[in-house]
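Enquirer: I am attaching a structure below and will ask some questions about it afterwards.
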Amino acid sequence: MSDGVETLEFQAEARQLLQLMVHSIYSNKDVFLRELISNASDALDKLRLESLVDKELSADTSDLHIEIEVDKDARTLTVRDNGIGMTRDEVVRLIGTIAKSGTAELLRKLRESSDAAASQELIGQFGVGFYATFMVADRVTLLTRRAGQSGGTRWESTGEGTYSIEEVGDAPQGTSVTLHLKPVDTEDNLHDYTAEWTIREIVKRYSDFISWPIRMTVDKPGEDGTTREEQTLNSMKALWARSRDEVDEAEYKEFYRHVAHDWADPLETVHMRGEGTFEYEALLFLPSHAPLDLFSPQGRRGVQLYVKRVFIMDDCDALMPNYLRFVKGVVDAHDLSLNISREILQQDRQIRAVRRRLVKKVLATLKDMSAESYRTFWTEFGAVVKEGLLEDPDNTETLLELVRAASTHDPAEPTTLRAYVERMKDGQTEIYYATGENRATIENSPHLEAFRAKGYEVLILTDPVDEVWVERVGAYDGKTLRSVAKGQVDLETEEEKEKAEAERQEYADLLAFLGGALADSVKEVRLSTRLTTSPACVVGDAHDMTPTLEKMYRAMGQEMPQVKRILELNPAHPLVTGLRKAHGEGGDTAALTETAELLYGMALLAEGGELADPARFTRILADRLARGL
């Protein structure tokens with residue numbers, strides 16, 4: 001570590017975010033103070049917890065608080081805490097670098113967004129609160145010393161791409177952030193952030209519920225003149241400990257923004273209390289949009305654990321299953337030890353009971369949502385909720401009622417499984433579905449031809465998790481879930497079955513020939529009952545792994561044996577009847593084999609599959625086209 005001043009560059013992504021902040025993409029600049037207070041509150045929580053766990057920690061915890069200080073002449077605003085503080089390396093890592101997944105995606109969306117409201121939501125998803133200071137300040141100075149250590153660190157930047165950092169010996173415990181404020185500009189919503197009433201109003205609006213005192217020294221007029229007096233600006237009332245009728249909607253929204261680091265409003269609020277042998281309070285929120293790290297293994301969980309108002313840990317995965325990882329909020333347990341570890345939590349019987357109740361309450365809340373709100377929720381989080389069908393067998397029935405899926409019944413509106421069953425044709429015993437990368441590919445697949453022709457509804461499933469849960473669950477309401485691309489399809493009348501049997505006899509020789517010619521690629525060649533217009537399609541056996549699932553496992557590094565599939569031919573298609581005639585007349589075997597390869601290749605391409613040898617397929621096709629001219 002250097003004793004002098006070092007000048008370092010921000011990480012490229014951090015530099016771009018700073019430029020967005022400096023140029024004021026967000027009209028409500030007051031939120032910078034909320035973000036600084038929220039960071040200070042987190043630092044105090046962490047120090048109190050560390051002092052409880054580490055009795056040897058040399059740190060003053062006698063009067064933990066947040067202090068706001070203004071200097072009207074110098075036009076500075078300082079937010080100071082005596083919390084955990086940071087080391088030099090932590091300052092560089094937490095401020096100079098954005099070490100979260102999804103950074104590139106965030107920046108791409110921000111650049112594409114010309115709407116300020118959309119931009120603020122994106123920034124909120126990413127939780128880059130400290131950078132908000134550059135909306136109101138030309139220069140920001142941070143002074144910090146980690147609790148238990150002797151030396152401190154001073155950090156400073158104008159937000160223009162570099163920052164300076166140096167060691168200092170006289171820093172107090174905790175962190176102070178000093179903003180050298182820009183001139184007041186009411187047209188640009190830059191208020192006078194040295195004004196007492198402005199600070200009071202912002203703290204009351206955004207941070208009244210913070211559990212630590214937020215203090216400020218103010219002028220107090222009196223008979224003997226004006227005196228200076230330190231006042232506490234917030235009420236410090238924990239929202240989750242108050243009854244629902246004592247909390248208004250605006251307070252809920254601000255508390256959500258505090259715990260979720262999100263600038264948008266929540267979609268739904270869940271406020272509950274557990275009494276009896278194990279008492280707890282919970283205040284949970286369902287966000288209105290998915291965070292960028294929702295599918296990242298390093299993504300944050302959302303539930304904080306408190307014990308008797310004492311913060312214990314962030315991201316408490318023992319309280320919420322992985323498929324509900326988007327839920328944000330607080331659970332305050334009354335009967336746990338203050339030094340409980342994550343490992344002990346996983347085994348704690350009472351915590352498991354609380355988790356079960358929380359999950360049931362969240363799922364019940366989802367079930368009772370308005371149609372419009374639930375549509376928004378499912379669009380953002382549906383793919384994650386379906387993971388619960390693999391992880392949570394105790395709630396399978398409830399989760400199946402929550403599932404929404406696109407279907408051939410309506411090009412725009414998703415359907416529930418219950419509504420699908422109610423629309424089933426007389427005599428239909430199975431729920432038909434098709435999986436694939438997107439709706440267009442599935443709807444144009446040959447696999448749907450007979451179902452469409454005979455008026456059978458098919459669910460269109462395009463999330464990767466769909467490949468797995470339909471196999472795992474197997475049935476809904478006594479109706480088997482059946483892939484249109486696997487096994488035999490039984491949609492025929494008795495008359496059609498008799499005709500199909502006669503055709504099988506007629507095509508027996510051709511099918512045997514094609515089976516031999518394509519033995520390296522397919523396990524069987526047979527006539528199809530699912531095709532009406534296409535010449536051929538490729539299907540799997542009833543219990544085969546789908547190509548998409550096979551590809552997913554390979555992408556995860558798992559070696560998978562090749563699964564040969566079945567080539568089905570449409571006996572009514574001119575290409576197939578012509579092939580039968582040519583084979584029956586003793587046509588050129590090499591030419592017939594090439595035709596078989598083309599037929600199989602076309603079937604693969606029609607379902608969105610990949611050719612094993614695209615160059616050979618193209619060469620054979622080009623030769624055939626040339627000879628036909």
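Enquirer: If ASP170, ASP185, ASP490, ASP30 are ordered by their accessible area, calculated over protein heavy atoms with a 1.4 Å probe, which sequence runs from highest to lowest?
Expert: ASP170, ASP490, ASP185, ASP30
Enquirer: When DSSP beta bridges are limited to those with both residues in the chain, what percentage is antiparallel, rounded to the nearest 5?
Expert: For the chain, the DSSP antiparallel bridge percentage is about 75.
Enquirer: Let me ask something else. What's the FRET efficiency of THR162 with LYS564 using the Cβ-Cβ distance as r and R₀ = 56 Å, to the nearest 0.05?
Expert: In this case the efficiency is close to 0.40.
Enquirer: Now for a separate question. Dipole of the chain (Lys/Arg Cβ +1, Asp/Glu Cβ -1, origin at the Cα centre): which of HIS180, ALA622, ALA590 lies farthest to the positive side?
Expert: The one lying farthest along the dipole's positive direction is ALA590.
Enquirer: Okay, moving on. Any chance you could tell me what percent of the C-alpha pair distances in the stretch 473-629 go past 29 Å? Spell out each step's value before the answer.
Expert: Values: 2903 of 12246 pairs.
Everything past 29 Å amounts to 24 percent.
Enquirer: With unit charges on the beta carbon (Lys/Arg positive, Asp/Glu negative), name the residue among ALA383, MET369, GLN346 whose Cα is farthest towards the positive pole of the charge dipole of the stretch 346-398.
Expert: Of the listed residues, the answer is GLN346.
Enquirer: Next up: So for the pair ASP490, ALA572, with labels modelled 7 Å out along Cα→Cβ, what separation do we get in nm?
Expert: Between ASP490 and ALA572, the simple spin-label model gives 2.2 nm.
Enquirer: Taking 0.36 nm per intervening residue step and subtracting the Cα-Cα distance, what contour gain separates ARG418 from TYR553 on full extension?
Expert: 45.5 nm is the gain from fully extending ARG418 to TYR553.
Enquirer: Going by accessible area, probe 1.4 Å, with all protein chains left in place, what is the ranking of ASP588, ASP262, largest first?
Expert: Numbers: ASP588 100, ASP262 5 Å².
In descending accessible area the options line up as ASP588, ASP262.
Enquirer: Enter the Cα centre distance for the pair the stretch 563-607 and the stretch 270-298, rounded to the nearest angstrom.
Expert: The two parts, judged by their Cα centres, are 57 Å apart.
Enquirer: Probe 1.4 Å, all protein chains in place: accessible area of ASP208 in Å², nearest 10?
Expert: Spelled out: ASP208, probe radius 1.4 Å, area about 20 Å².
Enquirer: Quick check: net charge around LEU592, other residues with Cβ under 15 Å of its Cβ, Lys/Arg +1 and Asp/Glu -1? Don't jump to the answer; show the numbers that get you there.
Expert: Numbers: positive: ARG580, LYS581, ARG624, ARG627; negative: ASP509, GLU585, ASP588, GLU594, GLU597, ASP623.
Summing Lys and Arg as +1 and Asp and Glu as -1 gives -2.
Enquirer: What's log10 of I(q)/I(0) for the stretch 270-338 at q = 0.12, 0.20, 0.28, 0.29 Å⁻¹, Debye sum over Cα points only, no solvent?
Expert: At q = 0.12, 0.20, 0.28, 0.29 Å⁻¹ the computed log10 ratios are -0.32, -0.81, -1.29, -1.34.
Enquirer: To the nearest 10 square angstrom, what accessible area does ARG200 show with a 1.4 Å probe?
Expert: Answer for ARG200: close to 80 Å² accessible.
Enquirer: For THR217 and LYS237, what does the FRET efficiency come to when R0 = 30 Å and r is the distance between their Cβ atoms, rounded to the nearest 0.05?
Expert: 0.85
Enquirer: Further question on the same structure: Quick one, what does Rg over Rh come out to for the chain if you take C-alpha atoms and the Kirkwood Rh? Don't skip to the answer; put the middle values down first.
Expert: Values: Rg = 32.1 Å, Rh = 29.1 Å.
For the chain, the value is 1.10.
Enquirer: Further, regarding this structure: Evaluated at 25 °C with a viscosity of 0.890 mPa s, what Stokes-Einstein diffusion coefficient in µm²/s does the stretch 571-629 have when Rh comes from the Kirkwood expression over alpha-carbon pairs? Show your work: numbers first, answer last.
Expert: On the way: Rh = 12.4 Å.
The Stokes-Einstein estimate is 198 µm²/s.
Enquirer: Debye sum, Cα scatterers, the stretch 162-319, no solvent: what log₁₀ I/I(0) at q = 0.20 1/Å?
Expert: -1.38
Enquirer: For the stretch 316-469, what is the largest minus smallest coordinate of the Cα atoms on each principal axis, given in angstrom and ordered from greatest to least?
Expert: 65, 28, 27
Enquirer: Using a 1.4 angstrom probe with every protein chain in place, what is the largest-first accessible-area order of HIS409, HIS289, HIS573, HIS543? Numbers along the way, then the final one.
Expert: Values: HIS409 105, HIS289 20, HIS573 45, HIS543 180 Å².
From most exposed to least exposed: HIS543, HIS409, HIS573, HIS289.
Enquirer: Could I ask something else about it? Computed FRET efficiency, Cβ-Cβ of ALA371 and ARG15, R0 51 Å: what is it to the nearest 0.05?
Expert: 0.70
Enquirer: Counting residues in the stretch 152-203 as N, plug N into 2.2 N^0.38 Å and put the Cα Rg over that result.
Expert: After normalising by residue count via 2.2 N^0.38 Å, the value is 1.51.
Enquirer: A further question follows. Looking at the stretch 366-424 from every direction and averaging, what is the projected area of its Cα convex hull in nm²?
Expert: 4.4
The values are calculated or read from the model by the stated rules, or taken from the named source; none is laboratory data. Note that the structure is a prediction, hence the values are computed from the model and not measured. Neighbour counts are summed over all protein chains in view; Cβ atoms, including those assigned to glycine, are modelled from backbone coordinates with ideal geometry. Remember, those area values only see protein heavy atoms, side chains included, never the ligands or the DNA or RNA. Shrake-Rupley method; radii C 1.70, N 1.55, O 1.52, S 1.80 Å.
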